[in-house]
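A short write-up of the structure that comes next.
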Amino acid sequence: MKEAILGIDVGTSSTKAILFDLAGNELTSAAQSYPLLTPQPGWVEQDAEEVWQALIHVLQDIVKQSSGCRILSLAIAAQAGSIIPVDLDGDPVYPMITWLDTRSQELSRQWQADGTAAMIRRLSGWQPFAGLPLPSISWLRQQRPDVHRNAKRFLGPADFLIHHLTDCFATDLSASSEMLLVDIKTGRWSEELCKIGGVNPDLQSEIGWAGRKVGEVSAEAAGLTGLTAGTPVIAGGNDQPCAGLGMGMTAPGKVMLSTGTAWVIMSVVDADTTKAVPEWVNLYFHAVPDQRLGGQLVGGFGATVDWWLSQAFGVGTNQKDLYKHLNEAVCSSPVGSRGLLFLSLSGPSQIMNAAAGGGFVGMELVHTRADMCRAILEGCAYEVCWALDELRLAGIPVEELWLAGGANRSPVWPQILADVCGTPLQVAEYTDWAALGAAILAGWGIGAYPTLQEGIAHLQPHLQSLKPNLKVKALYAQRLGKYQQISRVLNSMH
């Protein structure tokens, strides 16, 4: 009987499970989506029970499709930043408040003004922006004291689902640290942070590093899913750190650029205090034991490009054709876009409290639609390069950049990133990095791989390496300086 390991990615909009054999071959997969709920403007919730039912559905599909396989273990990579208020038994007493929710915005502003935010960042590693669990919990405490009183525990999606599978309350550090309730130095529930939210740390889930066994599939869960009772459940983690693990980000010097709707830079950091990273960088635990990560949002570039494609090439055109038009346009415009610059619509990510809003600068009659296309892609790359330079100034090494997400749909965009940043890029067409990272942890957690590195070596897909074109280095350095100068001037006017 073929032996297999199961990696599960519980995202914001869907859950996907992928079954691998121990050699790293993908055997089968299953997915199930679920909606976001917006009962009021700025509120973005989910029904936690629907997420559990989606997991049941994909596990049933996996079991049906994998007859003749013995599933040795499973691990979950889950969206972090969302929170589920539950009673002592783990049953929800209120909908899941997701990381997209902004109801606690005013509270977050108060914390910035009175110094609470600085204290939270010092202890947890995170800036407490609206949508993260501690602000959401504190909002419930103020606005819905009845719900807060009934909520004896506050679970993330990871420990909520682990409890449903095993009857154990357990999670890992990479998932729990984004709750802003965990001490970034000690890796334990912080009495001070829990006090802010009125949370009892003694009733929170047991936490520890990813890759450890947290329980076994219970008889009840086995009956619902088709899994074998007693199957080991291994601690996975936050979906982004799991994706980084899948790529091989296990030591300082390797940096991941996630290019979804929002672009996020994640780097392995040899530090346990926020003093070691720029103030706009969040510090949290990796899914790799004994490692921490620095993470920062650099802009909503996926959304920007989708917006531009619809404006430039027409609404209703399918995405494949839109990117074909984009690639052809970019290739017909020279490096530097004939002097045209595009400033991030999100505002410069490396200026604290920068105002949103950007656009084209230096537009002349000579400029074409193709120049505008190239300028947008180069503008995104300038933001990334600026962020990487700031990391280097903080003493964080940047030796290579791993690219994941939508930017891979364009054959020219990754090369622009490599050229502007002057940094080698590792690119793969593979998309399910979080599930892959969870599968590696599932295998390592039961000893199928003696080390995480061996697990990565077995499961990692083929990567393409792009080297920067040194011939355009000077031009891009000059354009980056201009981009930074204009960004600073514009933000000094707000």
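Annotation: lysines with alpha-carbon distance below 19 angstrom to Lys64 (same-chain offsets under eight excluded): Lys2, Lys16. Were the residues from Arg392 through Glu279 laid out at 0.36 nm apart, the gain over their Cα-Cα distance would be 39.3 nm. Of the GluC sites (Glu not before Pro) found in the range 338-396, those that fall in a DSSP loop while having at most 10 other beta-carbon atoms within 10 Å are Glu364. Amide H contacts under 5 Å for Lys254: Val268, Glu399, restricted to partners 5 or more places along the chain or on a different chain, H placed in the peptide plane at 1.01 Å from N. Compactness of the range 192-334 is given as radius of gyration and Dmax, 21.4, 63 Å, from Cα positions.
Net charge dipole, the chain: roughly 1320 debye, given to the nearest 20, about the Cα centre with Cβ charges of +1 for Lys and Arg and -1 for Asp and Glu. Each label point was placed 7 Å from the Cα along the Cα-to-Cβ direction; for Ala262 and Met119 their separation is 2.6 nm. Here the contact order of the chain, divided by its residue count and restricted to Cα pairs under 8 Å and six or more residues apart, works out to 15 percent. Under conditions of 25 °C and 0.890 mPa s, the range 132-226 yields 174 µm² s⁻¹ as its translational diffusion coefficient, taking Rh as the Kirkwood radius over Cα pairs in the Stokes-Einstein equation. How far, in degrees from 0 to 90, does helix 133-143 lean away from the longest principal axis of the Cα atoms of the chain, to the nearest 10? So the helix axis and the longest Cα principal axis differ by about 70 degrees. Measure out, as a whole number of angstrom, how far apart the alpha-carbon centroids of the range 1-73 and the range 417-494 sit. Result: 26 Å between the Cα centres. For Ala251 and Tyr430, a Förster radius of 25 Å and the Cβ-Cβ distance give a FRET efficiency of 0.75, rounded to the nearest 0.05. Label the range 311-392 by shape, choosing from rounded, prolate and oblate, from the square roots a ≥ b ≥ c of the eigenvalues of the Cα gyration tensor; if a/c is under 1.5 it is rounded, and otherwise prolate applies when a/b is larger than b/c, oblate when it is not. Because a/c hits 1.5 or more and a/b exceeds b/c, the range 311-392 counts as prolate. Can you work out the FRET efficiency for the pair Lys64 and Leu365, with r the C-beta to C-beta distance and R0 = 51 Å, to the nearest 0.05? The value I calculate is 0.25.
Loop-located chymotrypsin sites (Phe, Trp or Tyr not before Pro) in the range 78-128 (DSSP state not H, G, I, E or B) with no more than 14 neighbouring Cβ atoms inside 10 Å do not occur. Convex hull volume of the C-alpha atoms in the range 399-471, normalised per residue: 85 Å³. Under conditions of 4 °C and 1.567 mPa s, the range 58-190 yields 81 µm² s⁻¹ as its translational diffusion coefficient, taking Rh as the Kirkwood radius over Cα pairs in the Stokes-Einstein equation. Relative to a virtual label point 7 Å from the Cα of Trp43 in the Cα→beta-carbon direction, which members of the range 85-106 show backbone nitrogen distances below 18 Å? Residues 85-86, 92-106 qualify, since their backbone N sits under 18 Å from the label point.
At an R0 of 22 angstrom, the distance between the Cβ atoms of Ser492 and Leu297 translates into a FRET efficiency of 0.50.
Label zone of Lys467 (point 7 Å out along Cα→Cβ, amide N under 11 Å): in the range 410-429 this covers 424. A P(r) calculated from all alpha carbon pairs of the range 2-242, with 5 Å bins opening at zero, reads 1, 7, 14, 19, 19, 15, 10, 7, 4, 2, 1, 0, 0 percent.
Here's the list of lysines a cross-link from Lys185 could span, going by alpha-carbon distance under 26 Å and ignoring same-chain residues fewer than 8 apart: Lys152, Lys195, Lys213, Lys254, Lys275. Under a 5 Å amide H cut-off, with hydrogens placed 1.01 Å from N, Ala170 pairs with His163, Glu206 among residues at least 5 apart or on other chains. Cα convex hull, the range 265-362: 156 Å³ per residue, rounded to a whole number.
Any read-out appearing in this document is the output of simple, stated calculations on the displayed coordinates, not a laboratory observation. These figures come from a predicted structure and were not determined experimentally. Backbone-built Cβ (ideal geometry, glycine too); neighbour counts: all protein chains shown.
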